[in-house]
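Notes for the one structure printed next.
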Amino acid sequence: MTSGPLAQLRERRPSTPPAVAALPRWRMPFSWTVLLTLFLALVLANLGLGAFDVGVERIIAILLGKLGLDIGVEYTSAEEAVVWVIRVPRMILAALVGAGLGVSGAALQGLFRNPLADPSLIGVSSGAAFAVALSVMLGLTSAAVFIQPLVAFVGGLVLTLGIYAFSRSAGRTQMATMLLVGIAVNALLASAISFILSLSDDGALRDIVYWILGSLGGAVWEHAVTAGPLILLAIAVLVRQAGALNLLTLGDAEARHLGVRVERSRFTIVSAAALATGAGVAVAGVVGFVGLVAPHLVRLVVGPDHRSLIPASAVSGAILVLGADLGARTIVAPAELPLGVVTAVIGTPVFLYLIHRARRSLAMAGW
Amino acid sequence: MTANEPVLRGAGLTVRVEDKTLLDSVSIGVRGGELLGVVGPNGAGKTTLLKALSGDVELAEGAVYIDDRLLSDFDARELARRRAVMPQSSYLPFLFTAREVVRMGRAPWEGERGESEHGAKLTDYAMSLTDTRDYAVRAYPTLSGGEQSRVTLARVLAQETPILLIDEPTAHLDLRHQHLVLQLARELASEGAAVVAVLHDLNLAAMYTDTAVVLHRGAVVANGPSQEALHPDVLSPVFGMDFVLQTHPDLERPMLIPLPASVSRERG
């Protein structure tokens, strides 16, 4: 226990009355119950719905069957193949990609002290998109499951680190500078990608556009087990930075005075956000809006404290992408809609509604 | 180190931005139990001095010592347990409640035994001292400027450090709260804290501080007991204004009454 001047003063001059108003206690458990129920419902829907539907008890039987448990529910081998080989890895990837984007968005909004920040700001998505476009145009892609994700992943991380390094001067990184550099580089790469598209033949054009619009159509177990651990690692790192993120929202100097190693935390947060986003983009292409919207959705129910906001953003991000992917593959079945288009179509009205709802408090917060 | 050594010391602090010298070899020290006021006109370098002391600006020359140890030798967390800094204003883009903001002041102590309870008690206590408990659950960005600065003061107090650097704590406050804040700084000094406060109001400085530093164009003009440093002979040339020195009717404290230029001319 500490015993500085304030504690001594408190001994000598205690205050009355002791109680300070507190927020209602039911809010947190209630919010988490709603979030987790929605998440579970969407997991089951993603496993059960599609070209042919599989009932809940059969899904459970198939999953438990994989663990060697027989609960006495019959299922066909076709159902087993569809659920286990196609839908489970796709569902896992949708949840993880969404969780990674949600967590990155929450962390970057805190780090940039800007509720409009989004993982694309640090250049991961545009770096990945540019790398993929370039490799497709140069004919460097191959049928191997891993080449394109690897190109995207490396492209995204390299660009983020480049933007970070460029924004450093005298050992300190200016967040405002990084924001501007990110915007400028994103604009440059958007033009570069368009230019590459204009040079590409029809096949390459289709490949690039399909990738840029995002899709989990190519999801396989191999992707889930490689991208999955990277995303989970990044989420774990960002959960550990939650306390530092709270203090960073006060400003760099304030955070430093409260004991945060600002440069170190910042580098850790940017790297982890780039890792979570980069691994997701690598397997799913560019999935917009989730990183921006997911944190806002849960900030309304769990509050701004990153210790609850980060885990809640993981769940809300997962919910958004699970829902979007379900829509992407069922709305125009047997064809598929691009995932990025669905997230934008869902995300935009949700975001507009949130802004409309929050306008009063936002105006008071100064923007 | 003896009890009478300064716990916080700035030696030959010089700050330059491009070729402009904002602070010109300023040396000051503050002891435990001392409330030091920093006064001076606009642009004299008061905030720059506070930033230099807190390590927020790069020094062209000079060094800052805490307990005779170089500031840069401290680990961030160790320093945060020794010294707290209150900024002039604190912008927060998210809707943290006032109480959550004050609780952030406990961050350097997180992980200590019994901290969750002790921290909660000190948070509440800091809020009652600064008269902010009525809006404990209101969102910080929705508070008025004066309310925000008292919440920020509560956050800094909750940090429970023996050294406090505060930049114009009274800037947005009404009269009662201005005195409440300085009274508080006074009391913390009595408990052994070393407090450096940048103050705009000369009479607040005269009423509450033990010692004062008068800055003018980045340099120290006077540095010593407040009664001597805050004297019209020192202040008139610095502020470009004449003062009449009186004594507070109830306290053995000087009061500085400014004279308008027209009166000064008449008096010759």
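Are there helices (runs of 4 or more DSSP H) fully within the range A:235-306 with at least 2 residues that are more than 8 Å from chain B (Cβ to nearest Cβ) and closer than 29 Å to A:Val350 by Cβ? List them.
A:242-248, A:262-284, A:290-302
In the range B:172-194, what residues are more than 14 Å from chain A (Cβ to nearest Cβ), over 22 Å from B:Arg82 (Cα atoms) and of a type in the set (A, V, I, L, M)?
Within the range B:172-194, B:Leu173, B:Leu175 qualify.
Which condition breaks for B:Pro169 when tested against (1) crowded, with 24+ Cβ neighbours inside 10 Å; (2) facing chain A (nearest Cβ under 10 Å); (3) at pLDDT below 90?
Answer for B:Pro169: the failing condition is (2).
Can you give me the number of residues within the range A:168-214 that are under 30 Å from A:Ser265 (Cα atoms) and among the basic types (Lys, Arg)?
Residues flagged as under 30 Å from A:Ser265 (Cα atoms) and among the basic types (Lys, Arg) within the range A:168-214 amount to 2.
Scan (1) within 30 Å of B:Pro141 (Cβ to Cβ); (2) within 20 Å of the chain's Cα centre (by Cα); (3) more than 7 Å from chain A (Cβ to nearest Cβ) for the single condition B:Asp56 breaks and write down its number.
Here B:Asp56 clears every test but (3).
So, in the range B:140-165, of the ones that are more than 11 Å from chain A (Cβ to nearest Cβ) and buried (at least 24 other Cβ atoms within 10 Å of the Cβ), which residue ends up farthest from the chain's Cα centre (by Cα)?
Among those that are more than 11 Å from chain A (Cβ to nearest Cβ) and buried (at least 24 other Cβ atoms within 10 Å of the Cβ), it is B:Val151.
From B:Gly55, B:Gly29, B:Gly12, which residue is more than 30 Å from A:Ser265 (Cα to Cα), among the small types (Gly, Ala, Ser) and free of Cβ contacts under 8 Å to residues at least 40 places away in the same chain? Full working, then the answer.
Numbers: B:Gly55 fails: more than 30 Å from A:Ser265 (Cα to Cα); B:Gly12 fails: free of Cβ contacts under 8 Å to residues at least 40 places away in the same chain.
Going through B:Gly55, B:Gly29, B:Gly12 in turn, the sole match is B:Gly29.
Give me the residue from the range B:234-252 that is of a type outside the set (Asp, Glu) and over 25 Å from B:Ala44 (Cα atoms) and, out of that set, surrounded by the fewest Cβ atoms within 10 Å (Cβ to Cβ). Spell out the reasoning first.
Quick first cut of the range B:234-252, residues of a type outside the set (Asp, Glu) only: B:234-241, B:243-249, B:251.
Of the ones still in play, those that are also over 25 Å from B:Ala44 (Cα atoms) are B:246-249, B:251.
Numbers: B:Gln246: 11, B:Thr247: 10, B:His248: 12, B:Pro249: 7, B:Leu251: 11.
Of everything passing the filter in the range B:234-252, B:Pro249 is surrounded by the fewest Cβ atoms within 10 Å (Cβ to Cβ).
In the list B:Val101, B:Val137, B:Val85, which residue meets the criterion of being within 7 Å of chain A (Cβ to nearest Cβ), free of Cβ contacts under 8 Å to residues at least 60 places away in the same chain and within 30 Å of A:Ala117 (Cβ to Cβ)?
One residue alone meets the criteria, B:Val137.
Counting only residues that are touching a residue at least 12 places away in the same chain (Cβ under 8 Å) and buried (at least 24 other Cβ atoms within 10 Å of the Cβ), how many does the range A:250-263 have?
So the answer is 1.
Would you check which residues across the range A:22-67 are surrounded by 15 or more Cβ atoms within 10 Å (Cβ to Cβ), within 18 Å of A:Leu297 (Cα to Cα) and of a type in the set (S, T, N, Q) and list them?
Result: A:Ser31, single match.
Please go through the range B:115-132 and give me each residue that is in contact with a Pro (Cβ under 9 Å, 6 or more places away or on another chain) and either over 24 Å from B:Arg81 (Cα atoms) or more than 7 Å from chain A (Cβ to nearest Cβ) (or both), ordered by number.
Within the range B:115-132, just B:Lys121 meets the criteria.
Out of contact with any strand residue (DSSP E or B) (no Cβ under 8 Å at 6 or more places or on another chain) and either surrounded by 22 or more Cβ atoms within 10 Å (Cβ to Cβ) or modelled with pLDDT of 90 or more (or both): does that describe A:Ala152?
yes
Considering the range A:155-191 alone, what residues qualify as being surrounded by fewer than 16 Cβ atoms within 10 Å (Cβ to Cβ) and aliphatic (A, V, I, L, M)?
The answer is A:Ala165, A:Ala170, A:Ala176, A:Leu180, A:Ile183, A:Ala184, A:Ala187, A:Leu188, A:Ala190.
Determine, yes or no, whether B:Ala197 is crowded, with 24+ Cβ neighbours inside 10 Å, in contact with a helix residue (DSSP H, G or I) (Cβ under 8 Å, 6 or more places away or on another chain), in a helix (DSSP H, G or I) and more than 14 Å from chain A (Cβ to nearest Cβ).
no
Need at least 2 residues that are touching a Ser or Thr at 6+ places or on another chain (Cβ under 8 Å) per element, so show me which helices (runs of 4 or more DSSP H) inside the range B:11-109 make the cut, counting only ones lying wholly within it.
Passing ranges, in order: B:76-82, B:98-104.
Checking A:Gly251 against (1) on the phi > 0 side of the Ramachandran plot; (2) under 22 Å from the mean Cα position of the chain (by Cα): exactly one of these is not met. Which one?
(2)
Out of all the residues in the range B:172-181, which are hydrophobic (A, V, I, L, M, F, W, C) and without any contact (Cβ under 8 Å) to a residue 40 or more places away in the chain?
The answer is B:Leu173, B:Leu175.
Per-residue answers, yes or no, for (1) modelled with pLDDT under 90; (2) among the charged types (D, E, K, R); (3) surrounded by fewer than 20 Cβ atoms within 10 Å (Cβ to Cβ):
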| residue | (1), (2), (3) |
| --- | --- |
| A:Val283 | yes, no, no |
| A:Phe289 | yes, no, no |
| A:Gly303 | yes, no, no |
| A:Leu322 | no, no, no |
| A:Ala333 | yes, no, yes |
| A:Glu336 | yes, yes, yes |
| A:His356 | yes, no, yes |
| A:Arg359 | yes, yes, yes |
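Spot the failing condition for A:Arg25; the list is (1) closer than 30 Å to A:Thr249 by Cα; (2) charged (D, E, K, R); (3) assigned to a helix (DSSP H, G or I), and only one is missed.
(3)
The values are calculated or read from the model by the stated rules, or taken from the named source; none is laboratory data. If you're wondering where the values come from, they're calculated on a predicted model, not measured in any experiment. When we count neighbours, we look across all protein chains shown, and the Cβ atoms used for this are built from the backbone with ideal geometry, even at glycine.
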